[in-house]
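The values are calculated or read from the model by the stated rules, or taken from the named source; none is laboratory data. Everything numeric here is computed off the predicted structure, so don't read it as measured data. Because the Cβ atoms are built from the backbone with ideal geometry, glycine has one as well, and the counts that use them run over all protein chains shown. Just the protein is used for accessible areas: all its heavy atoms, side chains included, with ligands, DNA and RNA removed. Shrake-Rupley method; radii C 1.70, N 1.55, O 1.52, S 1.80 Å.
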Amino acid sequence: MKIRIRKPNRENREKIFRILGQACLFLLAAGLGMGFGTYYAITRNLPEVGELEHFEPYIITSVLGDDGRVVKEFAVERRLEVPYEKIPDVLLKAIIATEDPRFFRHRGVDLIGILRAVKENVFGRRQGEKLQGGSTITQQLATSLFLRREITLRRKLKEAVLSLRIERRYSKEKILEMYCNQFYFGHGVYGVETASNLFFGKSVADVTLEEAAMLAGIFRGPSIYSPYNAPQVMLQRRNHVLKRMLERGDITSAQAEEAMNIPLAVLPLRRTSSDFGAYFFEEVRRYVEKTYGYDALYRQGLRITTTFNAEMQTYAEAAVDRQLRTIDKRLGWRMDKRNLLEEERDIEDVWLESWTSSLLESETVEEGVALAVDKKEAIVRVKKYRGRLTNAGIAWTKSRDLDRLFKPGDVIQVAVRSVDEEKKTFEASLEQEPEVEAAFLGIVPQTGQIKFMVGGHSFRKSEFNRATQALRQAGSAIKPILYTAALDNGFTAATRIIDEPTDFEDKWTGETWSPPNYDQLFKGAVTLRKGLEESRNIVTAKILESISPQTGVNYCRKFGLTSPVYPYLSLSLGTFEVTLLELVSAYTVFPNRGVRVTPHFITRIEDKEGHLLEETTVEAEEVVSPQTAFLTTYLMQGVMGPGGTGWSATPLTRDKPMGGKTGTTDEYSDAWMVGFTPSLCAGVWLGRDTKKEIAPHHSGAVAAQPIWNEFFKQLIEAEKVKAAAEGKTVPREEFAVPPNILFVDIDKKTGFLATPACLWPFREAFLTGTEPTRFCTMEDHMMILDYYGLDKAKEEQEP
């Protein structure tokens, strides 16, 4: 049976064509509508790429030391921007080879790259290997700047549209510049310049081939390719980048092979302790945030040049730590340790707050968790390391057995002696967190620049700055200011005062006052010089009574002390409170020829464009004449020599002339040492925040001066080493002698012109016309109770 098909007639054909035409028009309209609708839906909320011209990423505020090097950063995001011209060609090639080989041939979206990624993902990817993305550098930039990192078709379409727009508006070079400055490299750093500083300690402009390959390799995944957390993975990734560069012809086979054979090398993640310079930088932070605001400090990339000297700070912190631990050991072990087992913590897994880095270095003190303890040995965990602690060297604890000192779960301190990085083990000795605190501060007298500042043993433990905030009794450290007042009011270094038990009628308080001497002895007639060198309380009180307590108050004000000071005779013993900063600043008057320069820690502040916002101008004020300042300085040099309370610094005076004064308050609650060379004035305070006794008989000379001595010893040795490396010697500084100063040979104990019969000849300084005019006699010798005593033998034996 045949089926016959009727052909439509002309009228029917036209009708069919009309219907088909209308259907096509409808489908075309619907398609266009859907296309425009989709395009509108995708682009409706897209940001304008022109906003990039006004985009201001958060930029690091850099704090520079006195040598121009960055010593501290403040930032929400650690980022330093760098222009395209300073990004090295080797890094640009490494990035393009790895991230977008056809970067200079596409217009934002690379279809060939997408097909290549699909092919790699389907056929070339090994198990566990990350999927290839196919996104161009421009697409990655668009996502980083404008979009959320979600894997959806809608987001990819938005990414493509934005990329096309970015390419139309900006040159390829500008896109690369934005890309290099925008991306996150892990560990809190953004951009290639900041990353180069972190990993290699240098500008990105100076990176080598293998370093550039490493930086380029991190772009794909900073959490995966961290040289700190996964060095082997990062090494493989770096070498992959080098292979891609070789395939593209960016480098030769020899260059690639040489670079691949270089071990992965990065600087330590934590290059300094989080406590290093912390009190100094906190002063900087407070000032800048108060003056310019939070955003300026943390987001706008200020450049703050300071007076900070990293070398001096290092010596200061080491000296403070050493002395505080020495004093703490004299006081013995404390049974006050935190126990993690009692807190129901897993001692094998817990991570202590003080562990700011995963690395362990020798010659450091760390907190550790006791895992096992017996009489002679303990196993201690520090971070991922296990250490052995023996009972050797624990005599200071007053015990021979470790298990009498601490138990499993206790958090203790250990001094790490050696580390086996391969086995993750270490050897250590027992330490303890000191309870006593200290502050240490150094100022250049001629400029007022604060070079270093220690405000306490640990900023992490206590942010209270004992150098600038703590008000403590000055004790005998106030005496040089009162002796200066005496020199301006008729006294000389040879003036004699009777050191004897005395009841003072204090007409300002209406009370009788009988101050003791520190050694509970009285020496009869003593010179003003010996009164200061030996810190005789009776002598100082008589001097203050003679010139009047109000004059003493006036001189304290002239020297810059702003704390409340009252005109009482007890002022002679420093019973009022001052800050360490005030006292050190006051002492700068002596080596600076009578002039006090206002102390400061910032020299200039610039914005990120280099425009000057602030520059410190030196504010100087003449406090006393150059002659009076020199006479007091000359007296204070005697304090630092044999027979003075600061005699332990005598060996140091062979390299540098030094003047200074120790100070101690009642009950040994405050210990001071403030002193100077011609070019640096530094002061130490040591005590407890509770204002209780430091330790029995811990005076300024015993407690505070060892810090001062150790610091200057290290500073002098460093100067010698530097000079020797340059084939030079360190020139000796001297205190300049002003006009109208006359040096005369006298008997140091009687104050009269010396004769051959005098046992204490000394070349004394006087303002011309005030020198003694008669010679010493045997009767004068007899007036001095210890003239023929043991002091002479003692002074000759002291270093």
- In nm, to one decimal, how far is the Ala230 label point from the Lys86 one, both placed 7 Å along Cα→Cβ? 3.2 nm
- Note on the structure: Rounded to whole Å², per residue accessible area for the chain with a 1.4 Å probe reads 49 Å²
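State which entries of Lys290/Lys558; Lys661/Lys713; Lys692/Lys749; Lys86/Lys722 exceed 25 angstrom in Cα-Cα distance in the structure shown. If you can, show how the numbers build up before the last one.
Working: Lys290/Lys558 29 Å; Lys661/Lys713 18 Å; Lys692/Lys749 37 Å; Lys86/Lys722 34 Å.
Over 25 Å apart, Cα to Cα: Lys290/Lys558; Lys692/Lys749; Lys86/Lys722.
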- Note on the structure: Yeah, region 620-771 with a ≥ b ≥ c from its alpha-carbon gyration tensor (a/c under 1.5 is rounded, else prolate when a/b outruns b/c, oblate otherwise) is oblate
- Message: How large are Rg and Dmax for the chain when calculated on the C-alpha trace, in angstrom?
- Response: 37.5, 163
- Write down Rg/Rh for region 409-461, rounded to two decimals, with Rg from the C-alpha atoms and Rh from the Kirkwood relation over Cα pairs. 1.21
- Rounded to the nearest 0.05, what FRET efficiency do Thr770 and Ser429 give with R0 = 56 Å and r taken as the Cβ-Cβ distance? Could you check? 0.45
- Item | Pair Met778, Leu471: separation of 7 Å Cα→Cβ label points (nm) | 5.7 nm
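Between rounded, prolate and oblate, where does region 330-374 land on the alpha carbon gyration tensor, with a ≥ b ≥ c its root eigenvalues, rounded for a/c under 1.5, else prolate if a/b exceeds b/c? Write down the numbers at each step before the final one.
On the way: a/c = 1.85, a/b = 1.04, b/c = 1.77.
Judged from the Cα gyration tensor, region 330-374 comes out oblate (a/c at least 1.5, b/c at or above a/b).
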- Nonlocal amide H pairs with Arg417, under 5 Å, H built at 1.01 Å: Glu363, Glu427, Ala428, Ser429
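Based on DSSP H runs of at least 4 residues, each adding -39500 (n - 2.57), what is the mean residue ellipticity at 222 nm of the chain after dividing by all its residues, to the nearest 500 deg cm²/dmol?
Details: 22 runs with 271 residues, N = 799.
About -10500 deg cm²/dmol.
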- Just order 254-266, 427-439, 165-177 by mean Cβ neighbour count inside 10 Å, highest at the front, would you? 427-439, 165-177, 254-266
- Going by the alpha-carbon gyration tensor, a ≥ b ≥ c the square roots of its eigenvalues, is region 505-592 rounded (a/c under 1.5) or, if a/c is not under 1.5, prolate (a/b greater than b/c) versus oblate? oblate
- Item | Whole-Hz couplings from phi, Karplus 6.51/-1.76/1.60, listed for region 542-556; x for Gly and Pro | 5, 4, 5, 4, 5, 8, 5, x, 5, 4, x, 4, 4, 6, 4
- Those residues of region 657-686 whose amide nitrogen sits under 19 Å from the label point placed on Glu511, 7 Å along Cα→Cβ: 665-669
- Task: Using the Karplus curve 6.51 cos²θ - 1.76 cosθ + 1.60 with θ = phi - 60°, work out ³J(HN,Hα) for each residue of region 746-762 in order, rounded to whole Hz, and write x for Gly and Pro.
- Result: 10, 8, 4, 8, 9, x, 9, 4, 6, 10, x, 7, 6, 8, 10, x, 7
- Task: Can you tell me the order of 330-341, 465-476, 289-300, 685-696 when each peptide is scored by its average per-residue count of other Cβ atoms within 10 angstrom, highest first?
- Result: 465-476, 685-696, 289-300, 330-341
- Residues meeting the amide H criterion for Asp410 (H placed from the backbone, H to H distance under 5 Å, 5 or more places apart or on another chain) are Leu340, Ala370
- Query: Computed FRET efficiency, Cβ-Cβ of Asp689 and Arg763, R0 41 Å: what is it to the nearest 0.05?
  - Reply: 0.35
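Just the projected area, averaged over all directions, of the convex hull on the alpha carbon atoms of region 280-386: how many nm²?
Working: hull surface 44.3 nm².
Projected area, direction-averaged: 11.1 nm².
FRET efficiency for Glu609 and Glu353, Cβ-Cβ distance as r, R0 = 51 Å, nearest 0.05? Provide the component values of the computation, followed by the final result.
Details: r = 39 Å, r/R0 = 0.76.
Using R0 = 51 Å, I get an efficiency of 0.85.
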- Among 222-234, 650-662, how do they line up from the highest to the lowest mean number of other beta-carbon atoms within 10 Å? 650-662, 222-234
- Tally up the carbon and sulfur contribution to the accessible surface of region 358-452 as a whole percent, 1.4 Å probe, everything protein left in place. 47 percent
- Query: Thr136's amide H: which non-local residues (gap 5+, or another chain) put their own amide H closer than 5 Å, with H modeled 1.01 Å from N in plane and none for Pro or chain starts?
  - Reply: Asp110
- Under 12 Å from Lys461, Cα to Cα: aspartates and glutamates that are on another chain or at least 8 residues apart: Asp275, Glu353, Glu433, Glu435, Glu437
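Mind checking the full-extension length gain between Tyr294 and Glu257? Use 0.36 nm per residue of separation minus the Cα-Cα distance, one decimal, nm. Can you show the working numbers first?
Values: separation 37, 0.36 × 37 = 13.32 nm, distance 4.90 nm.
So the extension gain works out to 8.4 nm.
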- Message: I need the phi-derived Karplus couplings for region 587-598: 6.51 cos²θ - 1.76 cosθ + 1.60, θ = phi - 60°, integer Hz, Gly and Pro marked x.
- Response: 5, 5, 4, 5, x, 9, 6, x, 10, 10, 9, 4
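Determine the percent antiparallel among the DSSP beta bridges restricted to the chain, to the nearest 5.
Details: 81 of 93 bridges.
Percentage antiparallel, nearest 5: 85.
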